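Undergrad: Have a look at this one.
The values are calculated or read from the model by the stated rules, or taken from the named source; none is laboratory data. Everything numeric in this text was worked out from a predicted model, so none of it was measured. With ideal geometry, Cβ positions are generated from the backbone for all residues, glycine too; neighbour counts draw on all protein chains shown. When the accessible area is computed, the model is the full protein with side chains, heavy atoms only, and any ligands, DNA or RNA have been set aside. Shrake-Rupley method; radii C 1.70, N 1.55, O 1.52, S 1.80 Å.
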Amino acid sequence: MRAGEVTGRELVEAALRAIERLNPAMNAFVTVCGERALAQADSVGAGDPRPLCGVPVGIKDLLSATEGIPTTEGSLGFPDWVAAHDSAHVRRLREAGAIVVGKTNTPELGLRPVTENRRFGATRNPWNPELSAGGSSGGSASAVASGMVALADGSDLGGSIRIPASCCGLVGLKPSLGRVSIAPDLGDVAAGMPADCVLSRTVMDTAVALDAIAGYEPGDRHRAWTPQQRFVELATADPGRLQVRVCASAPHGIQVDPEPAAAARAAGELLASLGHDVEEVDLGWEDEVFPSAWGTFMTGTGQHLIRIVERLHGARVDPDHLEPATRAWLVDSPPVPLVDYLEAGEQLFRFSRQVIDQWSGDLVLVTPTLTRLPAPVGGIRSAAGVTDDASRFSAFVRIWNVTGQPAISLPLARTDDGVPVGVQLVAAPDRDDILISLAAQLEAAVGWPALAAMEDG
């Protein structure tokens, strides 16, 4: 773009052609705004200094305001929300030069670890279309992994960026608490546990996007420490010798499939060969109160989410048009008492303090991203509440939403039949800088092909 070798229009046209060719099979995009994107691309010219000048991107169809483009929350239960403004991170992507080409699929209200909903149907995994792309940012993951776009927005409350990143062979970062603002429409949803970021094919792409979207907005309830270097510089910086602890056993006795466990251990061995101080440990994850506290907190958060969406969409929910599991969990069930919700949060944050208190600044934890391989499309039963299926998907990832620590899923392995297997790295609070540097070093050592799955065959 800057050299004038390609125009913004050509980039957007290429993305729109890829969407037209691939989306009927993948179902990654649910809204495409081609003419608008082309008009915006025509304003981006050679020599544009912005880091994402002319780059086509997708925005997850959940809670993110996108000026003039419908947001549906993957649901038939509300009228569409066509905002007159952008959410802060969407605005920052546009200010960095990105061109929004459409909205990507999500399960209804983002409530499931697979992207399947009654309104739009199931999103498929480009590496194997019989498998799910994961959730709840599965539409964005499928769009990037298939090559429709190189970058797409995601959000993560209990692993919803890292789960589809693992399923689809992508880089998926949940940044630190307060790193990316949720302004202007949201205040302190779920006590700051949700995080917005992107899914991409490389750590460098994620670093470029994080530089663009990170930063404080007036009124933010949480604010992360700002590193001295830009993340794009950190993606080529030597992380130094770090303490690395590998844990392949999941909390609460949840079974871990052999492939994810082996991938985490292989990553640890590679990090040792790169000069890091590596030790495999059993972290003693067991906290007998955590599962019930998580269930109560997520139920209360989900019930609050109905209120939030009603406010944003300007209409009351129509329970008859919600999916049965959503209605049973969030509408027909008794409201979680305020004191129970607050106490559940206190129990989660007590656990968080215990974890962080034992964490030195240069320590990085390596785990499998998921305890299991991607599920077949339609293979995860839709049911009310925090189900066993959902807990198994989120066992390694939801903890870091509670603690607020940065965590990234990297595509470091494949099964014998070519299905990606993600490995998760977790750093100390606010140490997204260490995480980006180490992730880039590990990515380079593994040599994961930064190719779209559909191109890779």
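Undergrad: Quick one: in the range 104-121, which of the residues that are among the charged types (D, E, K, R) and closer than 17 Å to Val386 by Cα is surrounded by the fewest Cβ atoms within 10 Å (Cβ to Cβ)?
TA: In this case the residue turns out to be Glu108.
Undergrad: Something else: Given the conditions (1) of a type in the set (A, V, I, L, M); (2) open to solvent by 30 Å² or more (accessible area, probe 1.4 Å); (3) not in a loop (DSSP other than H, G, I, E, B), and given that Val12 satisfies all but one, which numbered condition is not satisfied?
TA: Just one mismatch for Val12, condition (2).
Undergrad: Could you tell me whether Ala261 is hydrophobic (A, V, I, L, M, F, W, C) and within 22 Å of the chain's Cα centre (by Cα)?
TA: yes
Undergrad: Residue check: is Cys247 open to solvent by less than 10 Å² (accessible area, probe 1.4 Å), at pLDDT 95 or above and either of a type in the set (Phe, Trp, Tyr) or under 13 Å from the mean Cα position of the chain (by Cα) (or both)?
TA: So Cys247 fails the test.
Undergrad: Please count how many residues of the range 372-402 are of a type in the set (Ser, Thr, Tyr) and surrounded by 23 or more Cβ atoms within 10 Å (Cβ to Cβ).
TA: Total satisfying the criteria: 1.
Undergrad: OK, next. Scan (1) touching an Asp or Glu at 6+ places or on another chain (Cβ under 9 Å); (2) assigned to a loop (DSSP other than H, G, I, E, B); (3) at pLDDT 95 or above; (4) not aliphatic (A, V, I, L, M) for the single condition Gly68 breaks and write down its number.
TA: Just one mismatch for Gly68, condition (1).
Undergrad: Which one is least open to solvent (accessible area, probe 1.4 Å) among residues in the range 431-457 that are outside any helix (DSSP H, G or I), out of contact with any Asp or Glu (no Cβ under 7 Å at 6 or more places or on another chain) and at pLDDT 75 or above?
TA: Step one: list which residues in the range 431-457 are outside any helix (DSSP H, G or I), which gives 431, 447-452, 457.
Narrowing further to those that are out of contact with any Asp or Glu (no Cβ under 7 Å at 6 or more places or on another chain): 431, 447-448, 450-452, 457.
Filter once more, so that each one left must be at pLDDT 75 or above: 431, 447-448.
Details: Arg431: 70, Gly447: 53, Trp448: 35 Å².
In this case the residue turns out to be Trp448.
Undergrad: Only one residue in Arg118, Arg94 is free of Cβ contacts under 8 Å to residues at least 60 places away in the same chain and of a type in the set (D, E, K, R). Which one?
TA: Exactly one residue qualifies, and that residue is Arg94.
Undergrad: Of the residues in the range 15-48, how many are in a loop (DSSP other than H, G, I, E, B) and open to solvent by less than 60 Å² (accessible area, probe 1.4 Å)?
TA: So the count comes out to 7.
Undergrad: Among the numbered criteria (1) hydrophobic (A, V, I, L, M, F, W, C); (2) open to solvent by 10 Å² or more (accessible area, probe 1.4 Å); (3) over 18 Å from Ala96 (Cβ atoms), which single criterion is violated by Leu234?
TA: (3)
Undergrad: Within the range 387-425, which residues are among the polar types (S, T, N, Q) and at pLDDT 95 or above?
TA: Residues satisfying the conditions are Asn401, Thr403, Gln405, Ser409, Thr415, Gln424.
Undergrad: Only residues that are surrounded by fewer than 17 Cβ atoms within 10 Å (Cβ to Cβ) and either at pLDDT below 95 or not in a loop (DSSP other than H, G, I, E, B) (or both): list them for the range 271-280, please.
TA: Listed by number, the residues that qualify are Ala272, Ser273, Asp277, Glu279, Glu280.
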